[in-house]
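To start, the structure under review is shown below, and the notes come after it.
The values are calculated or read from the model by the stated rules, or taken from the named source; none is laboratory data. None of the values given here were measured: they were computed from a predicted structure. All Cβ positions, glycine included, derive from the backbone under ideal geometry; neighbour counts span all protein chains shown. Side chains included, ligands, DNA and RNA excluded: accessible areas come from the protein's heavy atoms. Shrake-Rupley method; radii C 1.70, N 1.55, O 1.52, S 1.80 Å.
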Amino acid sequence: SGYRDFARRQEQQTAKRTVVSDLRETQKNASTGYKPTGCTGTLVGFSFRVTSLANPVRYETAVVCTNPLGGADIVTVLKTVSLTSNIFFRANPNPNPIIFNALGRGTNIPISTSLSVSSTNNASGASFDLPVTITRNGEIQ
């Protein structure tokens, strides 16, 4: 059982690194003003959205652009990720999606938000949490 706990924590560390890496890529694309070819309006920013808390947990990153014809912004998904079955988020981030505004103009987060990348020891039911915090300025900790 000690080995299973160790293996699960390793899976969890890997999942946290993946989430942080995707958040940082989303943040970098926004701060540099990267505009993919499908974005015909003005670049608003890039988003990170948890789409499912059920097993497996899923999230997506997307580019957000204004609609050149008016109306709602156009969101184009760039990447969809499913985490391994032992890994979960305790809750959706608030807000969901998190939007990193273009050219370093912060986020849509009022104060700060966090995601807790968690895993559960199936034998004991104990869980292990690895928090990821995103500040309103877009800092990822």
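The table below lists the values:
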{"item": "Pairs, first in contact (Cβ under 8 Å) with a residue 24 or more places away in the chain and of a type in the set (Val, Ile, Thr) in region 52-76, second open to solvent by 40 Å² or more (accessible area, probe 1.4 Å) and not in a strand (DSSP E or B), C-beta under 6 Å, six or more apart", "result": "Val64/Asp73; Thr66/Thr42; Thr66/Asp73; Ile74/Asn67; Thr76/Gly38"}
{"item": "Flag for Phe100 being within 26 Å of Phe6 (Cα to Cα), within 13 Å of the chain's Cα centre (by Cα) and either of a type in the set (Val, Ile, Thr) or in a strand (DSSP E or B) (or both)", "result": "no"}
{"item": "Matching residues in region 100-130 - criterion: being among the aliphatic types (A, V, I, L, M) and modelled with pLDDT of 80 or more", "result": "Ala102, Leu103, Ile109, Ile111, Leu130"}
{"item": "Selection count where residues are exposed (fewer than 14 other Cβ atoms within 10 Å of the Cβ) and among the small types (Gly, Ala, Ser), scope region 1-30", "result": "4"}
{"item": "Test: residue in region 53-66 that is over 25 Å from Gln13 (Cβ atoms), surrounded by 13 or more Cβ atoms within 10 Å (Cβ to Cβ) and among the hydroxyl-bearing types (Ser, Thr, Tyr)", "result": "yes"}
{"item": "Residue in region 33-52 that is among the aromatic types (Phe, Trp, Tyr), modelled with pLDDT of 90 or more and in a loop (DSSP other than H, G, I, E, B) present", "result": "yes"}
{"item": "Hey, Asn29 at pLDDT 95 or above, of a type in the set (S, T, N, Q) and over 16 Å from Ser127 (Cα atoms) or not", "result": "yes"}
{"item": "Check on Asn137, among the polar types (S, T, N, Q), farther than 27 Å from Gln10 by Cα and not in a strand (DSSP E or B)", "result": "yes"}
{"item": "Residue count for region 73-97, restricted to those that are part of a loop (DSSP other than H, G, I, E, B), open to solvent by less than 70 Å² (accessible area, probe 1.4 Å) and either in contact with a helix residue (DSSP H, G or I) (Cβ under 8 Å, 6 or more places away or on another chain) or among the charged types (D, E, K, R) (or both)", "result": "3"}
{"item": "Only one of Gly70, Gly45, Gly33 that is of a type outside the set (Asp, Glu) and open to solvent by 30 Å² or more (accessible area, probe 1.4 Å)", "result": "Gly70"}
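Table: residues versus (1) acidic (Asp, Glu); (2) assigned to a loop (DSSP other than H, G, I, E, B).
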{"position": "Arg8", "(1), (2)": "no, no"}
{"position": "Glu11", "(1), (2)": "yes, no"}
{"position": "Val20", "(1), (2)": "no, no"}
{"position": "Leu23", "(1), (2)": "no, no"}
{"position": "Ser31", "(1), (2)": "no, no"}
{"position": "Gly70", "(1), (2)": "no, yes"}
